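We did not get these values from a lab; they are worked out from the coordinates using the rules stated. Not measured: the values here are computed from a predicted model. Note: ideal-geometry Cβ built from the backbone for every residue, glycine included; neighbour counts use all protein chains shown.
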Amino acid sequence: MRIPLSKPDIGEREIRYVTQALRSGQLSLGPAVEEFERRFAAYVGTRFAVATNSGTSALHLCVKALGIGSEDDVLTTAFSFPASVNCLLYEGARPAFADVDPVTLNLDPVEARRVLMREYSRDSLQRCAVHRRSGRTLKAILPVHVFGLPCEMGPILEIAEEFNLLVIEDACEAIGAEWRGRRLGTFGDAAAFAFYPNKQMTTAEGGMVVTDNPEIASRCRSLRNQGRGEDGEWLLHVRLGYNYRLSDLHCALGLAQLERLNDFLLVRERLAALYADRLGTIPEIALPCGIENARRSWFVYPIRLRGPEAGLLRDHLMAELKKRGIASRPYFAAIHRQPYFRQIQLLSDHPLPYTDAASQSCLALPFFPSMTEEQLNEVCAAVHEILDAARSPATVRGKEAARAAGA
Ligand SMILES: *Cc1c(COP(=O)(O)O)cnc(C)c1O
């Protein structure tokens with residue numbers, strides 16, 4: 001694609017830091033890991049940070065360290081990247097899906113409460129919620145800050161308090177985002193971040209668990225390192241662990257990116273404002289919104305197509321952009337609709353109309369710090385042109401014919 005969807009920004013500082021790590025001779029479990037963890041925790045505002053080799057492994061460690069297992073359910077959303085559900089399935093835990101808010105696309109606290117009241121009964125002795133049919137315990141709530149927009153943490157934390165739920169934040173798309181002046185990742189018992197190259201900062205592959213709880217941090221350190229004893233003594237294994245370590249090379253890259261993160265976030269904010277300015281007048285498009293008392297960290301630039309034809313129009317727009325060498329991607333395909341999750345019958349007990357609608361109508365446009373204003377203008381001009389043409393009677397007739405042929 002001439003204009004890609006995303007592109008990491010790697011400069012001289014990254015090359016210098018990684019080269020230093022290479023020359024140091026200590027390529028894993030070395031000083032760059034500790035330094036990266038220390039600075040990351042300071043940035044987010046938690047006591048501890050534990051580096052992992054992906055966001056998915058960070059989520060898995062959160063689940064495991066919090067003791068969530070095969071008898072447990074976790075309240076979350078299906079409008080997310082599959083990792084936020086896979087991390088539960090690894091442990092035999094099951095997701096209980098609540099629908100998203102139709103505007104923010106994040107977990108709707110009202111829906112979460114409705115699912116809870118309808119499908120679980122309260123065990124007042126244990127102070128927990130038990131599923132009416134399966135008898136499984138609702139152990140945690142896992143809000144995903146989708147596209148870097150903070151979830152409404154107030155009501156979510158109230159539900160957690162009331163039903164004695166642990167809270168895991170999936171902040172993999174939300175580094176630097178704030179809710180009521182506090183960075184995301186500081187609200188739950190633990191939170192996960194991710195550093196894949198399309199995220200706001202990258203370590204190539206990588207992730208991070210953050211927490212204020214010393215026991216959770218220590219368990220995560222042990223679990224990521226083959227279950228070694230907490231003092232890390234060589235070949236003393238006290239539990240079933242994994243190799244989820246992040247190397248010093250990756251952490252050196254992460255240190256350079258962390259130092260530049262504020263600049264990245266400001267550039268992304270500026271690009272988002274330009275997009276909003278250029279696309280705000282198109283009637284078929286809904287722009288990404290904000291919520292009160294929150295600062296979004298722009299992960300992708302997600303637009304939504306509106307109206308009864310939204311799904312068709314989204315796919316048409318994507319195909320036409322591709323012809324012009326412009327990348328775009330349907331973000332997200334709802335998890336409960338994916339082939340694997342259908343196969344294991346991970347369907348929710350109730351419909352998720354807003355999740356389904358969002359997964360049919362959302363589209364991420366090219367968005368990366370080195371994107372020029374010319375490139376952005378070209379994308380927006382193409383979007384205008386394609387949607388203008390789609391409004392003309394000839395195109396509508398063509399679409400009807402295509403649909404009739406498909407039916
Ligand atoms: C990126 C991402 C992850 C983690 O992805 P990795 O590729 O394993 O680093 C988890 N959840 C969400 C919502 C994500 O966007």
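Size of the stretch 91-169: Rg and Dmax of its alpha carbons, in Å, are 12.5, 39. Legend: Rg and Dmax of the chain, from Cα coordinates, 22.1, 72 Å. As a size descriptor, the averaged projected area of the C-alpha convex hull of the stretch 1-119 was calculated at 11.6 nm².
Please give me the summed charge of the neighbours of residue 355: other residues whose Cβ is under 15 Å from its Cβ, Lys and Arg +1, Asp and Glu -1.
Combined, the nearby Lys, Arg, Asp and Glu give -2.
Measure up 139/199; 64/139; 7/64 against 23 Å on the Cα-Cα distance and list the ones that go over. The pairs that break the limit, which is 23 Å between Cα atoms, are 139/199; 7/64.
Do you know the relative contact order of the chain, to the nearest whole percent, from alpha carbon pairs under 8 angstrom that are 6+ apart? In percent, rounded to a whole number, it is 22. Give me the percent of Cα-Cα pairs in the stretch 1-68 that sit more than 15 Å apart, rounded to a whole number. Roughly 71 percent, once rounded to a whole number. In the stretch 102-141, taking the dipole from charged Cβ atoms about the Cα centre, the farthest positive-side position among 131, 116, 104 is held by 131.
Short-range pairs are left out: with C-alpha atoms under 8 Å and at least six residues apart, the relative contact order of the stretch 262-406 is 29 percent. Each part gets one Cα centre, and for the stretch 90-114 versus the stretch 269-310 those centres are 22 Å apart.
With contributions of -39500 (n - 2.57) from each DSSP H run of at least four residues, the per-residue ellipticity at 222 nm computed over the chain stands at -13500 deg cm²/dmol.
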